[in-house]
């Protein structure tokens, strides 16, 4: 039962021997840690500052769509009569993709057609009379106006029963099948230009200063990677998102990546090939400024520094610290300006 007591006494004696010294009268003098540091210097570790490469990257997950993409919707309630293309087909602009029956009373297809043909015939007859001086200009203008109205109505009716491709591209989605019933506003199909893909991201206030038009980017999905660049960066904060919008476009050779996939998007920020970089732990804050300590002739000298971008645990130093300086990396919390130090690297 006495062994633990003996061990404690031995440990206390060891501390007393190494932490105390005898004076000339033989009395034991206990020295504080502060006194030991003042006499021998505060033990620190250092490293020589060398320029390095600093490049930030920002990672997001976002849906890619065709660089141009639009959908067509039904304009009346009816059933789909015919679909002329299948998903994956290339469709030219103004080509009829879907047709509806022409006998739908709501479409007034035949009434509009007859009205247009009648207005066209009437305009031709009145134009001939006007050119021969048989009627006034006012009568001719009235007939012309009636023709334009009938033509616009006929074109609108045609669009309700024959739905055309709004742009040239790939038919990437067919939301209906033949004989399906639809209502006004229901999406019928989507056409995309997928030789390029794009996405819109929301960039935080802390990142937007490093993202500009022209920054390179990549999009990765299921082992496939596309290269691209930032083509638009908003100059005002979106109130709803509390972030800045940015648009990135990617080349899609061979259209290997599909529209609608959720890809990992990486934007590369500004690259600096000759800058000072240090770990966050080496930088201190005193409620007014950031600062570090550098070693000069066994003395710690305080230096205020300006911070740039951050990357994980590393920070770019834009001022106050130069290549060749001896930066104190351990023990700096015990230091003040002009404190004696002892390097123990």
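The table below lists the values:
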{"quantity": "Criterion: in contact with a strand residue (DSSP E or B) (Cβ under 9 Å, 6 or more places away or on another chain), assigned to a strand (DSSP E or B) and under 22 Å from residue 217 (Cα atoms) - qualifying residue of 70, 46, 56", "calculated": "56"}
{"quantity": "Residue tally, condition farther than 15 Å from residue 55 by Cβ, in a loop (DSSP other than H, G, I, E, B) and under 13 Å from the mean Cα position of the chain (by Cα), over the stretch 210-229", "calculated": "1"}
{"quantity": "Qualifying residue in the stretch 86-107 (condition: surrounded by fewer than 13 Cβ atoms within 10 Å (Cβ to Cβ), in a strand (DSSP E or B) and at pLDDT 90 or above)", "calculated": "yes"}
{"quantity": "Verdict on residue 175 being within 31 Å of the chain's Cα centre (by Cα), modelled with pLDDT of 90 or more and either under 15 Å from residue 76 (Cβ atoms) or not assigned by TED's automatic domain parsing to the domain that holds residue 226 (or both)", "calculated": "yes"}
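The values are calculated or read from the model by the stated rules, or taken from the named source; none is laboratory data. Being a predicted model, the structure only gives us computed values, none of them experimental. Cβ sites come from the backbone with ideal geometry, for glycine too, and all protein chains shown count toward neighbours.
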